[in-house]
Amino acid sequence: MIRTLATALAVVASSEAFVVPALHAHSTASHVGHVAASSSARGPGEACSEFAGLALADDAPRTVFDKIISGEVPSEVVFEDDLVLAFKDINPAAPFHALVIPKQRNGLTQLRKSNREQHEALLGRVLWAAGHVGSVVAGLEGFRVVVNDGTPAGQTVLHLHAHVIGGRPLAWPPG
């Protein structure tokens, strides 16, 4: 098991594509159905149970992702649990392109703003969910997980998110 995000990112960076073997086939509807019933829409200031004591001051402006989480903006959800939400990207870079976001931003507008003591478990959950979405939900044999940090790297929404991209051959190096 990968214990830290730094280790996980090193694994991703050292391979041409982050590959997680498919465990078994599930339909997207089954993933959304069983988790949506246990999750309620929360606003950006409401804490998730596992991280309630770790809420950080987050005075950054609300983003479109906060509006997706609260249900103000519709999205095509592919996976959800109490900590993360995954939905299809509206401008896909490949046949399958989903975003995985923490439901509570807690200051995580960018990866560089993470704090090990307060964000390590949440960052691990985002990365685990990205693997689950790519391998189990989408059923991909291989896919890429990308986290852009800052506008020079292509980050357009200041709410930490991981892109899960696959369904076609992906060139290396990217962009």
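Laboratory data are not the source of any read-out in this text; all were calculated from the coordinates shown. On a predicted model such as this, the values are computed, not experimentally measured, just so you know. Backbone-built Cβ (ideal geometry, glycine too); neighbour counts: all protein chains shown.
The table for this structure:
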read-out	value
Residues whose placed amide H lies under 5 Å from that of LEU85, excluding near-sequence neighbours	ILE101, LYS103
From phi via Karplus (6.51, -1.76, 1.60), per-residue ³J(HN,Hα) for region 65-81 in Hz, x at Gly/Pro	5, 4, 6, 5, 4, 7, x, 6, 10, x, 8, 9, 6, 10, 7, 7, 9
Burial ranking of peptide ranges 109-115, 80-86, 93-99 (average Cβ count within 10 Å, highest at the top)	80-86, 93-99, 109-115
Rounded if a/c under 1.5, otherwise prolate or oblate - region 52-174, Cα gyration tensor axes	prolate
Distance in nm between pseudo-label sites at THR156 and VAL73 (7 Å out along the Cβ direction from Cα)	1.0
